Structures are given as structure tokens and as C-alpha cells.
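Report on one structure; see the data block that follows.
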């Protein structure tokens, strides 16, 4: 083995040379710039581990939207540097597209300093989004009318440090080290074009820890996201994908950082919690009976004539008869590092995709803002809106429909 | 279904009553205090998901030490409140033992407000540790000589907010939501006895994303922990388990928060990195050849007579001929939320178990402090030492050998 290693691997020749210099050799090592031996995952049709599973990067739509939610996601919001123009945006997006295509397939980034960390794709998806300023710099006439900060809601306590942003990268995978490594490579690509404004790390249940297809429970213990268009359906396509100009095949993304008052929630017992949501905690079924996916009966009254699902219940307030008012949620839990044992720093990175934010998300949120018992324990502290451009083919790049 | 739900579940009767009160009913709900229906995982010998897997809570030793490292771990350091005496410590440890035994087996905590979140144990372990002040309050004569802050090292840049602490809880599982929920229940148990001093969240590769038994790669891309006693061996038992009085069957834990300068590391190319560690980046084999687990040949020289593994290489500096100077490492990566795209906030929660910190950990760290090329890119910013009491049997409690 010893001899093999010293003769088979070309980099050892260079290393030997470097050893002559002792500690001083490190400088020389940095200067020489030897080709890195990049190893790739063994290709197999039947992955032995879920870490080998990949999601396609190229396609009509970007990945990370209709993709079954991975266990971990980090959202990065950036401010563009002042001197970055349309040509700069194009260069940035070509660079990011190239590394995104590599990393998601388990291959090292172009200038990957830790190529071995790229070998576990674990369904990695990398999704790019454009804020209002990004689109303005590319083409001032191309800004969709809804691509702007949301209207103010009375429940909002927004912090600028969790809000807005010119550019978004969503990095999601079933392995936290994969998210970490991919993020690092992408942040290096971005740093000459933009500065990081905020980072939001989210988690869901681990890959394989629960049966597939269960609705996520949030930190309140609620089944969260029961009513959600299913990828692959006509409804999903209509709700999510834009048909509008350069954004055709893309979508709109609302990210809201929602602080959840876990201590306040603790003071409410189970029936109180179920009333405020309009669903049972155990199965997520509507309070009017049935199973999780059954329709609530908003007309049902109890023996005294009072509605079983109260006027203030979240499930009633979130619902609309207007078929335009539907969104696709792909939320993550977050939990910051706590400062004290008694005040949580936790909640939800609420992420909702829809073709038109003004028509779909805003009226729902306005109704919830007016009345929703859950507002007592939830406070939006961050809010951003991004246009998510369509996908691209091999050889193309994400954003080309706007930037070319 | 509808009728079943309304008649089978006793809590619906109460809920109905509450509905009469509308919004005001929530206050009443909180006051009534209805028994919570706690569902438990289906028992099965062949878990369908890895979320159903459990680690035993009771035993000679606490779990979370010899346990194969889970994907996620959070370490909580606490300061005891001033008025907590020996009797208070005993009450706290009985409470925590009870909830630890429940949660690790996939059962809800005693006062669990979200019992459904407890249903995915995912190999949850909960491990308790005592700082110097904890043991002093229990019995001033029982403090092991090594249970004190480590000696100062020249490389240290310790921040009090990441250091010391009177009490430790390590919560580890293969599912991040499991860690989150269990932590919340345990923090509630602790809050009348201690205040939270620091929280350190760590991650490794996801459960099942890589083949079992691989050495972890850290954020530098290095295989980290190659030389580590294997649980179940005579060496492990000798290195880890104390034979000393109340601590017999327990151990000592050093936690060091080590900032890793990923930007500086980026400037070093692959041969330079390999020289500073003394191992190849790809396979983790010693630079003198072979495979990861082969012994380095510290005597080997190149054709010009220079040592192949340099004097400053980490692998050489960490090694000792003294059989006492061995530790068991169980480290996690950490990554805080970055403020800018160019400065990482990442590194390692270095956790090392050994029976005697002064005899085992300190001399190794002193040697690394004197000379270790890796010191250029790593900075300890936090440091704590805890005595980890032995395990207990059902009916007993963790800490009973000190507190009874």
C-alpha cells in the first residue's frame, strides 16, 4: 500500500518537493497550484445510501420547489454591490449555474477546496431568486408588479436584518454537511457581486425518520401544511408556475420569518390549541371530524348552535372560496441559539410559492391579519419577496430569460 | 369517522364546553387542565423507519458516550441559581432522569405539551454533566482534582459566553426536530434550578447518508477522529470510564468550541493542507502511505533526508508514546448564522471523553499548543470541563452516587 500510494498518485511528487522546504514550503504549495484530484460518487442506479440520491438540476423549472422537501434548508438573502450591472449579474448567474449543476449531482464545485465534501449530494437542490433591485438592474421594465415588499400587516414586527434582499439562494438537502459545503462554495461565487444580508437555517424531520408523505409537524406540534397543492397536479401547476414573460416557468416566493412564542403556547392546553387552529392536535383532522385530509365543515354547529370551528380559527381564516387565493407552502422550522432557558428563539421559515404574490398570497395574509387566533403566539419578524426564474437547459444558465 | 371522533375521544367533551365561550374559552381551557392523550410509538422489533430506533437510557454508563454518534447534538451549559442546594440538585436530577428515560424511548415527557413530537426518538440520547460548582454544592469533598477550567493555552481566545458552566445537558439524535423537542422539555425542567449559559448546536452527516463506520469529515474536509478508541474494546473502557469513587462508571468531558478559519484555509492548497495535518485529504492515510487506519511512519524520510511527516504536522504532535495520553473524541461540526459572505462563523464543537482530564487531555493539548500547524487556522473560543456521572437503573436517577 505504501509504495502504491507514493507512486500512483501524481500529487505526491509535488508534495515531496514541498517537503524540502519544511514549513516554508506552505507558501510555495499555495503558489504552485497543483491540479486537484477530484473524486466523484460511484454511479449506480440503486443508491446504497440516501446520500447518493440526486435531484436533476436542469429542467423547465428550477429544482427545490416541486421537490419533496429535504430535511435541511438554508436561505441566504444578499444585497447586490453598487457596481454590479446587467453584465455582472449575467456573470454571477453563469458561475452559480455551473456550480449548482455540479454540486447537486455530487460533483465538486469548479474551485472546490474540499471536493470530498461534495460527494454526498443527498438530494441537494440549489434555487435562485431575484429581488426587485436585481430585476431593475437587469431590465427596469421587467419587474413584475407584485415583486416588492408586502403591504404592512398589523401583526408584523419586521426587522430589516431579516427582511428584503436583492438576491436569494435556497440550498436544501437531506444532509446538513451537504448544505454547509454547497453553501460555502456558492457564497464564494457570490462574494464579488453581493454581500450577505441574512441567513435563515431551517429543518424538518430527518430523511427516513418518518414514513414518507406525512405532513410536517411544526414546533407547536401542529400538522402544518395539510392543505397544500400536490406537485404533479393541474392545481399545482396553475398555482405555482408563472406564464408571464421572462418569468414563464418560474414563480414567486414569499419568505416570512415567523417567531413562535413557545412559552405562551405552553400556557394553552390541548382543547384551547385545537380551537385556535380548528383541527385536532393528534391527527390534524378538522374539529368537525374525519381525518387530516377531510374537508372541514364550516357550517357545523354544536348542540347549542355555536360553530364547531370558531370564527377566529386559523383553518377558517386561511380558507378562501376564491380559486386564485391558493399558495404552495414549503416551510421549515428554525431554532436559533437561545440566550436564556425561558425565552425561545424559534419559529418557522415560512416559504410560499405562487405565480402572483398580490393575487394569491396577499389576500390570504390580509384575512389572517384581521383575525386569526394563532396570531396571539406568532409574530412575523422578517419578510421578503423574490421572483424565482425558470430553470434552464445544459449550456444555459438560470436567469437567461431575463439577462440575455 | 366524524361521529367516531366526537364520541371516542373524551377531550372533545371538554372542547365542546369550551366552544360555548368562544374566544374567552381559551382562558378557561388553560385553567381546566384536561389530561393529555399521550400516544406512543408502535412497538416493533424491526423498526420501519430509523426514527423508531431507540438507545437504552438505563445502564452502568450514561448513553451518548459510547453510542455511535448521532447526526445532531446540542450541548447546553447552565449556571445554577444561587439558592439551589444539594436537595435542589437531587430534585432536578430526579425530574431530568424521569423525562430523559421517557423521551429517549419515544414517550412524551411528564408534562409534555407536544406529545406527538416525542414519537420519533431517532436514537435520542440525553447525557448529563456536572461542573465544579455543581459537585461543590453536592459535596465539597467530592470534586475530582481535574474538574476545573483547563490551564491556559497560548492559542486560546476564550469567550466567557462559550465557556465553563455548572451543569451540562447533551441532547443528541438522528433527527433535528427530536433534538429540538427533547431540549425544550428538558429546559423546562431545569428553569427553576439554573439559567442557560450557552447553547452549542452541532451536526455530522445525516443518518444513512453515508455507509456506516466512516470517519467524519470536518469542515476543512479532513477525516477527523481516525485515531479514536473503539467502544466495546478494553482500550475504550480504560480510557473513558472512571474508577474513582462516586464517578465510577462515569467519565470526564472536555468541550472546546474551536473556530475554524475557513477563509484562511481556502488559501492553502491541497499539498499544503496535507503537510499541516500529516495525512492525505482524500483517504486520510498517513503521508507515509497506506490506508486511513495504518500507522504513520514518523521515522520515514524522503530522498533528501527530510521527515515525510513534518515536525509541525498535527498527526505527529497529537500522538504520544504514553498510554495514559489517549482520549475518546465525539466531535460535531458547528455553523452559526453568518453576518457577511466573506467571514465564516463555523468550526467544531470538540467533545472528548476521558477518565482523568489532567492526565489524558491536558498533556496532548499542551503539545498541540506548543506546535501544530493546524493552529494557524483553528482558534479555541470556548472551553468547559464536566464530570459525567455514571448511569442508573430504573427507579434510580443520574447523579445518585453523588447526591444520595
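Structural remarks
- Within segment A:150-165, considering residues that are over 30 Å from residue B:174 (Cα atoms) and outside any loop (DSSP other than H, G, I, E, B), the one modelled with the lowest pLDDT: A:161
- Residue selected from segment A:196-219 under the condition out of contact with any helix residue (DSSP H, G or I) (no Cβ under 7 Å at 6 or more places or on another chain) and over 17 Å from residue A:171 (Cα atoms), by the criterion surrounded by the most Cβ atoms within 10 Å (Cβ to Cβ): A:218
- Scope segment B:275-310; condition touching a helix residue (DSSP H, G or I) at 6+ places or on another chain (Cβ under 8 Å), in contact (Cβ under 8 Å) with a residue 40 or more places away in the chain and assigned to a loop (DSSP other than H, G, I, E, B); matching residues: B:281, B:310
- Looking only at residues in segment B:193-211 that are touching a residue at least 24 places away in the same chain (Cβ under 8 Å) and in a loop (DSSP other than H, G, I, E, B), the one that is farthest from the chain's Cα centre (by Cα) is B:193.
- Condition check for residue B:312: assigned by TED's automatic domain parsing to the domain that holds residue B:71, crowded, with 19+ Cβ neighbours inside 10 Å and within 17 Å of residue B:202 (Cα to Cα): no
- Lone qualifier among A:76, A:58 - being at pLDDT 95 or above and farther than 22 Å from residue A:351 by Cβ: A:58
- Residues in segment B:228-266 that are out of contact with any helix residue (DSSP H, G or I) (no Cβ under 8 Å at 6 or more places or on another chain), in a helix (DSSP H, G or I) and within 22 Å of residue B:68 (Cα to Cα): B:234, B:235, B:236, B:237, B:238, B:240.
- Condition met for residue A:272 (within 7 Å of another protein chain (Cβ to nearest Cβ), assigned to a loop (DSSP other than H, G, I, E, B), closer than 23 Å to residue A:217 by Cα and without any contact (Cβ under 8 Å) to a residue 60 or more places away in the chain): no
- Qualifying residues in segment B:128-144 (those that are in contact with a helix residue (DSSP H, G or I) (Cβ under 9 Å, 6 or more places away or on another chain) and assigned to a strand (DSSP E or B)) - the one surrounded by the most Cβ atoms within 10 Å (Cβ to Cβ): B:130
- From the list A:164, A:156, A:112, the lone residue that is at positive phi and crowded, with 17+ Cβ neighbours inside 10 Å is A:164.
- Considering B:168, B:147, the condition of being outside any loop (DSSP other than H, G, I, E, B), in the same structural domain as residue B:79 (by TED's automatic domain parsing) and closer than 18 Å to residue B:402 by Cβ is satisfied by B:168 alone.
- Condition check for residue A:331 on (1) in contact with a helix residue (DSSP H, G or I) (Cβ under 8 Å, 6 or more places away or on another chain); (2) within 17 Å of residue A:218 (Cα to Cα): one failure, at (1).
- Strands (runs of 3 or more DSSP E) contained entirely in segment B:323-397, each with at least 3 residues that are buried (at least 16 other Cβ atoms within 10 Å of the Cβ), away from chain A (no Cβ under 14 Å) and modelled with pLDDT of 95 or more: B:346-354, B:378-388
The values are calculated or read from the model by the stated rules, or taken from the named source; none is laboratory data. If you're wondering where the values come from, they're calculated on a predicted model, not measured in any experiment. Cβ atoms come from the backbone with ideal geometry, glycine included; neighbour counts cover every protein chain shown.
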